[in-house]
Structure formats: structure tokens, C-alpha cells
Amino acid sequence: MKRYLGAFTIGLMLIGTSAWADEQKIEIKEYNFIPASLTIPVGTKVTWVNRDEIPHTIDDSNKLFRSPALDTDESYSYTFTTPGTYQYGCRLHSHMAGNIIVTEK
């Protein structure tokens, strides 16, 4: 019985570890990034999801990350490993802009 309980406990710990992973979502809706500004700790994975009926892209102003054109309900993810401020936009719609502030954990 103890052996099974120990395996069960380890299994819960592994599931709990993945559940605690840092991940944030940004929706692209009505030609806007929502939220337009996001503050996250280092190591956070950010996923952008296009909710518009037309394609959009995600392009870092310093060319650190760049998505392909995303159709409706498609997504793009990037994990931020260095603190700093990252400004990004859509190369298809120059008025769309957002920023991500990455802090130390």
C-alpha cells in the first residue's frame, strides 16, 4: 500500500509542477492585442491567439521573435528568457502595437 501511495504522491507532484508553469495568453481581437501591455516573470510562455476574421502577425521590434501570418483561431507562442521590455506589433497592420515587460522571478 505504501508503495502505491508513494507513486501516487509523485504523480501528483509531477502534475502540479506542470500546472504551475508560467503561461499567459494575449488575444488579437478587433485589430487590438488584449491586453496591450503585459508584465511577466522570466521564463513565462506567452501565446497570442488570433480571434479576428483576418490574418495578423506578431513581430518584435528588435526581431527577436516573428510569427507567420495567423488565420482565425491560430496561435503563436514565445517563451521570454531575458528581462527587459519587448515592443511588438503586426506587420500587416502598422497601427497594432503591444509590449511585454519581463521581470526577474
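Coordinate-derived values only; no laboratory data. Being a predicted model, the structure only gives us computed values, none of them experimental. All Cβ positions, glycine included, derive from the backbone under ideal geometry; neighbour counts span all protein chains shown.
Key figures for this structure:
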{"item": "Residue within the stretch 66-76 that is more than 16 Å from the chain's Cα centre (by Cα) and among the hydroxyl-bearing types (Ser, Thr, Tyr) present", "result": "yes"}
{"item": "Residue count, the stretch 76-105 (criterion: of a type in the set (Ser, Thr, Tyr) and in contact with a Phe, Trp or Tyr (Cβ under 6 Å, 6 or more places away or on another chain))", "result": "2"}
{"item": "Those strands (runs of 3 or more DSSP E) lying entirely in the stretch 17-105 with at least 2 residues small (Gly, Ala, Ser) and surrounded by 14 or more Cβ atoms within 10 Å (Cβ to Cβ)", "result": "75-79, 93-103"}
